[in-house]
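Remarks on the structure that follows.
Every number in this text was worked out from the coordinates using simple rules, so none of it is lab data. Computed from a prediction, not measured in an experiment: that's the story for all the values here. Neighbour counts are summed over all protein chains in view; Cβ atoms, including those assigned to glycine, are modelled from backbone coordinates with ideal geometry.
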Amino acid sequence: MYFPMIEELHQSIRAASPESPALGVIDAGLTAPQVWQLRHDGVTVVQPRPLPHFPVAPLRKRPALAANLGKLWLDRLFPGYRTLVWLDGDTWVQDYAAIELLLGAARNGALAIVPGGGRFWPRPIDVRWLLGGLWGLAQVRSFNFKNGKHADLPLRILRDIGPRPLLNAGVFALRADAPHWEAMRRWQQHILRRGRPFTSDQIAMALAVHEDALPVELLPDTCNYITAWRVDPRSASLREYFYPYPRIGIVHLAGQKAMRFDPAATVEVPDLAGGVHQLSLRYGHFQRMAAALAAELVHQADPARVQDTVLS
């Protein structure tokens, strides 16, 4: 499922970047022809197994977990680089300025990452009301609390990280010599004893930052944008939903399950003028659909101009 999106991600990076950055992929179930194709395209492909404390049984059932687990080992899997930038396989780069922001934020040794919540999430923390909310009894159901509880973290830690926003591990940057790597792996080892492998990377990052007090730089949503889209047909670009509608730097399709399987799948996307369009958000597919939309707007504004353009 992810190989076409990995290719699209690399195409988007090369199209957006003013240079040719080194690219790498964790092999989380790739076929031999897919590995050959990536290496033929100049991509470094590494296999993270076996690494200490990785759960064997879950990896056999879901090889893609190798990417979630392996992202906390990037400094060892890809040695020789000053700063490492992680992008999930279901992301693509629309504006390379987002990558430059990640690199700049990580320059002094901080974890550069985008927090969850913000103005795009009407309910950043889920609350379960007990006894109908009588006497104000409630249970916090945040990402950090739920996954920390599954990992059997002490109540003191759950109380601390429970109300804090999650740190979205789908996009981050970190210097290879930063102390975060060892701290995150130490937490990962603890979490994997009882917790969920799929979310172990994200909760380990939160613990390294909040419990170990390691430096963090929280970046804007444009560096890892997941929800509430708008389209600007004139520039054929995806924008943030709310004013001033900044251009999205890194598009993350984490919430688009159908689209991850089928690039022809579409979602309803409003434009800046109040119109609504059915668009794919996959790289390449979006560009073609947005370009067609822009041409349609030009035709509506001046049909003769479009005809002259075609005939010329």
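Laid out as a table, the results:
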| item | result |
| --- | --- |
| Nitroxide proxy distance, nm - points 7 Å out along Cα→Cβ at residue 196 and residue 126 | 0.9 nm |
| Average silhouette area of the range 163-286, convex hull of alpha-carbon atoms, in square nanometres | 9.8 nm² |
| Descending semi-axes in Å of the range 155-217, equivalent ellipsoid built from Cα gyration tensor | 17, 14, 12 |
| Anisotropy class of the range 3-222 from Cα gyration tensor, a/c 1.5 cut | prolate |
| Residue 45/residue 247 FRET efficiency (R0 35 Å; Cβ-Cβ; nearest 0.05) | 0.65 |
| Antiparallel DSSP beta bridges within the chain, as percent of all bridges there, nearest 5 | 75 percent |
